[in-house]
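Presented below is the structure to which this report refers.
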Amino acid sequence: MNRKLIKVQILLCALLGVILLFVLLFGVSGAFNGLQLSVWGKLEAVHEQTVSAADIESIALDFSSMDISVTVTDESDIRIVQLASAKLSPREFFTLENLNGELRISQPESRRLFNFFSFGVNQKLELYLPKSYAQSLSVKTRSGNVTLLSELIAQEISFDLSSGKLSGNSVTGVKRVDVRVTSGDISLGAVSCEEYDINASSGNIDIASLKGTGEVLTRSGNITIDALEGIRHDIQASSGDIRVAGFSGAGSVHTTSGVVRVDCTAVLGDLSLGATSGDIRVKLPRDASYELYASCTSGDISGDIDMSYSKNGRAATAKIGAGPYVKLDIQTHSGNIDIQQNED
């Protein structure tokens, strides 16, 4: 038999197998979704519930695969709306439990179990919170984006996203903010709290202003903070640039591979800036008092302050101001260091 003909037959058989597999999976998906085959249409509300906010002390959302938005309204009750691109059976609606003041909103187990086969229904959950609600909010989703459409005011806020983006408005008046995003970006407005812990395993972190004490970490991505205020900050990137403007406080800013840019408005304690491979540029207030030690293995150290050099220009020290002095440590293995004073 002709070799070309054999190759064509093999290719056709493989293509037919893929088509049959797709039909099988799509049929299974249709069975679990009420035989809805036209599934990528316009999102429409399919289920809605309202709960009095009077006795609710915490709200916890736990979803497998769904985008979630949070909006603060003038309404007096908590309202949850589920939207979908096709009709759902009642067993596919979100579940609601009130356990002694803890409101739990979750995705049905049936949807989680067959989610792999669901080409099916595009869904979204909308959470509407009354302005009077200022308790705790926890949002967990394994595959979906979370969007804050209003400024949130609460005691404790927690976001845990396995795969998706956290973005939106401000979070203020909070005792603690915890953010965990495994694969996705974090983009927020003003975050004001006592303590924060913001972590992205793989993604960029972009915050307009951050006030509090805590840690910002990304293992692969850039960190940009336009204003940072608090007692102590620990800002780290394993692979990415770090840019912090309006730095007020103490702590450390380090990246393994990337550029560090820090513009300080007030140095309130010891500050460490570091990069394994990358330049470091820092601006300091003219009225700051600090003892400086800077070093680089390969690069130049420069600035507009009076420094004493050693190790062939690879190390520099300075004592600026009238005291009391804080320690300023700046080190990069491969890169330049530039130290400037802010303009008056």
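The values are calculated or read from the model by the stated rules, or taken from the named source; none is laboratory data. These figures come from a predicted structure and were not determined experimentally. As a convention, Cβ positions derive from the backbone with ideal geometry for all residues, glycine included, and neighbour counts pool all protein chains shown. Quick note on the areas: whole protein, heavy atoms, side chains included, nothing else; ligands and nucleic acids left out. Shrake-Rupley method; radii C 1.70, N 1.55, O 1.52, S 1.80 Å.
Descriptive notes on the structure:
- Residue check, Arg232 among the charged types (D, E, K, R), touching a residue at least 24 places away in the same chain (Cβ under 8 Å) and open to solvent by 10 Å² or more (accessible area, probe 1.4 Å): yes
- Of all residues in the range 235-245 being part of a strand (DSSP E or B) and open to solvent by 20 Å² or more (accessible area, probe 1.4 Å), the one that is nearest to Leu210 (Cα to Cα): Ala245
- Residue check, Leu43 open to solvent by 30 Å² or more (accessible area, probe 1.4 Å), over 21 Å from Val139 (Cβ atoms) and either in contact with a Leu (Cβ under 9 Å, 6 or more places away or on another chain) or at pLDDT below 90 (or both): no
- Taking each residue of the range 265-279 that is within 16 Å of Gln340 (Cα to Cα) and looking for partners that are open to solvent by 60 Å² or more (accessible area, probe 1.4 Å) and among the basic types (Lys, Arg) with beta-carbon atoms closer than 7 Å, six or more apart or interchain, yields nothing.
- Hits in the range 131-165 - residues which are of a type in the set (A, V, I, L, M, F, W, C), open to solvent by less than 30 Å² (accessible area, probe 1.4 Å) and either at positive phi or in a strand (DSSP E or B) (or both): Leu137, Val139, Val146, Leu148, Leu152, Ile157, Phe159, Leu161
- Per-region count, the range 46-76, residues open to solvent by 50 Å² or more (accessible area, probe 1.4 Å) and part of a strand (DSSP E or B): 5
- Those residues of the range 195-230 which are outside any strand (DSSP E or B) and among the polar types (S, T, N, Q), in sequence order: Ser201, Ser202, Asn204, Ser220, Asn222
- None of Gly184, Gly269, Gly249, Gly189 is buried (at least 18 other Cβ atoms within 10 Å of the Cβ) and part of a strand (DSSP E or B) except Gly249.
- Residues of the range 192-203 that are small (Gly, Ala, Ser) and buried (at least 17 other Cβ atoms within 10 Å of the Cβ): Ser192, Ala200, Gly203.
- Counted residues, the range 308-322 - those being open to solvent by 30 Å² or more (accessible area, probe 1.4 Å) and assigned to a loop (DSSP other than H, G, I, E, B): 5
- Test: residue in the range 323-340 that is open to solvent by less than 20 Å² (accessible area, probe 1.4 Å) and without any contact (Cβ under 8 Å) to a residue 40 or more places away in the chain: no
- Number of the exception - Ser277 against (1) closer than 28 Å to Thr213 by Cβ; (2) touching a His at 6+ places or on another chain (Cβ under 7 Å): (1)
- Qualifying residue in the range 4-13 (condition: modelled with pLDDT of 95 or more and open to solvent by 20 Å² or more (accessible area, probe 1.4 Å)): no
- Taking the criterion of being under 36 Å from the mean Cα position of the chain (by Cα) and either surrounded by 12 or more Cβ atoms within 10 Å (Cβ to Cβ) or at positive phi (or both), the residues of the range 292-307 that qualify are Leu292, Tyr293, Ala294, Ser295, Cys296, Thr297, Gly299, Asp300, Ile301, Ser302, Gly303.
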